[in-house]
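**Q** One structure coming up, written as C-alpha coordinates, with questions to follow.
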Amino acid sequence: YRMTSVLNVDSIAAKDGTSPVALTKQSAAKAWCNMNGTGTIAIRGSFNTTSITDNGTGDYSVTAVTAMTDTNYVCSSTSGQNSGDQISANNNLNGSLARTTSVVRTQCQRSTSDNALDCGVVETIRMGDLA
(Lines give C-alpha, C1' and ligand atoms only; values in the text may rest on other atoms or scores of the structure.)
Protein backbone atom coordinates (compact mmCIF):
# COMPACT_ATOMS: atom_id res chain seq x y z
CA TYR A 1 0.00 0.00 0.00
CA ARG A 2 1.36 3.42 -0.94
CA MET A 3 0.24 6.69 0.60
CA THR A 4 0.50 10.00 -1.18
CA SER A 5 2.11 12.82 0.73
CA VAL A 6 1.94 16.57 0.67
CA LEU A 7 4.72 18.71 2.07
CA ASN A 8 3.65 22.25 2.92
CA VAL A 9 6.43 24.60 4.00
CA ASP A 10 7.12 28.31 4.01
CA SER A 11 10.83 27.91 3.36
CA ILE A 12 13.59 25.35 3.02
CA ALA A 13 16.99 26.15 4.53
CA ALA A 14 20.33 24.39 4.80
CA LYS A 15 21.17 22.75 8.13
CA ASP A 16 23.12 25.82 9.27
CA GLY A 17 20.04 27.98 8.63
CA THR A 18 21.79 30.55 6.44
CA SER A 19 23.42 28.84 3.46
CA PRO A 20 21.52 28.27 0.22
CA VAL A 21 20.05 24.80 -0.21
CA ALA A 22 22.06 22.73 -2.69
CA LEU A 23 20.12 21.90 -5.86
CA THR A 24 21.10 18.52 -7.25
CA LYS A 25 19.38 16.37 -9.88
CA GLN A 26 16.71 19.01 -10.42
CA SER A 27 15.78 21.01 -13.48
CA ALA A 28 16.73 24.38 -12.10
CA ALA A 29 19.45 26.87 -12.95
CA LYS A 30 22.64 25.69 -11.28
CA ALA A 31 24.46 28.99 -11.83
CA TRP A 32 23.63 32.42 -13.19
CA CYS A 33 25.29 35.82 -13.33
CA ASN A 34 24.15 39.33 -14.26
CA MET A 35 27.13 41.65 -14.68
CA ASN A 36 28.16 45.09 -15.87
CA GLY A 37 30.66 44.52 -18.68
CA THR A 38 31.81 48.13 -19.14
CA GLY A 39 34.59 50.00 -17.33
CA THR A 40 35.46 48.10 -14.18
CA ILE A 41 33.33 44.99 -14.60
CA ALA A 42 31.15 44.02 -11.66
CA ILE A 43 28.60 41.39 -10.69
CA ARG A 44 25.11 42.87 -10.13
CA GLY A 45 23.52 39.63 -8.98
CA SER A 46 24.42 35.95 -9.14
CA PHE A 47 23.94 32.42 -7.90
CA ASN A 48 26.80 29.90 -7.65
CA THR A 49 29.21 32.45 -9.16
CA THR A 50 32.55 33.14 -7.53
CA SER A 51 34.23 35.55 -9.97
CA ILE A 52 34.20 37.21 -13.37
CA THR A 53 37.16 38.03 -15.62
CA ASP A 54 37.54 40.67 -18.32
CA ASN A 55 39.50 38.92 -21.10
CA GLY A 56 39.43 41.94 -23.43
CA THR A 57 36.86 43.94 -25.35
CA GLY A 58 33.49 42.19 -25.12
CA ASP A 59 35.10 38.97 -23.82
CA TYR A 60 34.23 37.72 -20.33
CA SER A 61 34.70 34.58 -18.23
CA VAL A 62 32.30 33.63 -15.42
CA THR A 63 33.53 31.12 -12.83
CA ALA A 64 31.16 28.98 -10.76
CA VAL A 65 31.60 28.15 -7.07
CA THR A 66 30.52 24.53 -7.64
CA ALA A 67 31.49 22.91 -10.94
CA MET A 68 29.20 21.00 -13.28
CA THR A 69 29.64 17.23 -13.66
CA ASP A 70 30.98 17.58 -17.22
CA THR A 71 31.02 20.07 -20.10
CA ASN A 72 27.77 18.77 -21.62
CA TYR A 73 25.57 21.18 -19.66
CA VAL A 74 23.45 23.86 -21.31
CA CYS A 75 24.68 27.43 -21.15
CA SER A 76 23.08 30.55 -22.52
CA SER A 77 24.30 34.13 -22.56
CA THR A 78 22.59 37.39 -23.40
CA SER A 79 23.81 40.94 -23.57
CA GLY A 80 22.35 44.38 -23.85
CA GLN A 81 23.55 47.87 -24.60
CA ASN A 82 21.94 51.22 -23.92
CA SER A 83 22.85 52.61 -27.34
CA GLY A 84 21.28 51.69 -30.67
CA ASP A 85 23.71 48.80 -31.30
CA GLN A 86 22.28 45.36 -31.99
CA ILE A 87 24.31 43.07 -29.74
CA SER A 88 24.70 39.31 -29.72
CA ALA A 89 26.39 37.16 -27.07
CA ASN A 90 27.74 33.70 -27.69
CA ASN A 91 29.57 30.89 -25.97
CA ASN A 92 31.30 29.59 -29.11
CA LEU A 93 34.78 30.94 -29.68
CA ASN A 94 36.27 30.15 -33.08
CA GLY A 95 33.71 27.38 -33.57
CA SER A 96 34.40 25.53 -30.31
CA LEU A 97 32.54 25.54 -27.02
CA ALA A 98 34.12 28.02 -24.63
CA ARG A 99 33.49 26.26 -21.35
CA THR A 100 34.95 24.01 -18.75
CA THR A 101 33.09 22.42 -15.86
CA SER A 102 33.69 25.64 -13.87
CA VAL A 103 34.12 28.48 -16.38
CA VAL A 104 31.91 29.85 -19.15
CA ARG A 105 33.43 32.33 -21.59
CA THR A 106 31.09 34.76 -23.35
CA GLN A 107 31.82 37.16 -26.21
CA CYS A 108 29.65 40.15 -27.11
CA GLN A 109 29.66 41.67 -30.56
CA ARG A 110 27.73 44.03 -32.79
CA SER A 111 25.31 42.07 -34.94
CA THR A 112 25.83 44.39 -37.92
CA SER A 113 29.65 44.28 -38.03
CA ASP A 114 30.78 41.36 -35.80
CA ASN A 115 33.07 43.80 -33.95
CA ALA A 116 33.61 43.01 -30.27
CA LEU A 117 31.90 45.40 -27.87
CA ASP A 118 31.88 45.87 -24.09
CA CYS A 119 28.28 45.54 -22.94
CA GLY A 120 26.47 47.25 -20.10
CA VAL A 121 24.55 44.06 -19.32
CA VAL A 122 25.97 40.55 -19.73
CA GLU A 123 24.05 37.55 -18.38
CA THR A 124 24.86 33.84 -18.26
CA ILE A 125 22.88 30.86 -17.04
CA ARG A 126 23.83 27.18 -16.69
CA MET A 127 21.53 24.16 -16.57
CA GLY A 128 22.65 20.60 -15.88
CA ASP A 129 23.99 18.57 -12.97
CA LEU A 130 26.44 19.79 -10.36
CA ALA A 131 29.55 17.75 -9.63
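**Q** So for ARG99, ARG44, ARG105, ARG126, what's the accessible-area order with a 1.4 Å probe, most first? Provide the component values of the computation, followed by the final result.
**A** Details: ARG99 45, ARG44 135, ARG105 80, ARG126 5 Å².
So, going from the largest accessible area down, we get ARG44, ARG105, ARG99, ARG126.
**Q** Between ARG110 and ALA42, what is the label-to-label distance in nm when each label sits 7 Å out along the Cα-to-Cβ direction?
**A** 2.8
**Q** Counting heavy atoms of the protein chains only and a 1.4 Å probe, report the per residue accessible area for the chain as a whole number of Å². Intermediate values should be presented prior to the final figure.
**A** Numbers: 8150 Å² over 131 residues.
Counting only protein heavy atoms, the per-residue value for the chain is 62 Å².
**Q** Rounded to a whole number, what % of the accessible area of the chain do carbon and sulfur atoms account for, probe 1.4 Å? Present the calculation step by step, with values, prior to reporting the outcome.
**A** Numbers: 3900 of 8150 Å².
The value for the chain is 48 percent carbon and sulfur by accessible area.
The values are calculated or read from the model by the stated rules, or taken from the named source; none is laboratory data. Note that this is a predicted model, so its numbers are computed, not measured. Methodologically, a virtual Cβ is constructed for each residue, glycine included, from the backbone with ideal geometry; neighbour enumeration extends over all protein chains shown. To get the accessible areas, we keep the full protein, side chains included, count just its heavy atoms, and leave off ligands, DNA and RNA. Shrake-Rupley method; radii C 1.70, N 1.55, O 1.52, S 1.80 Å.
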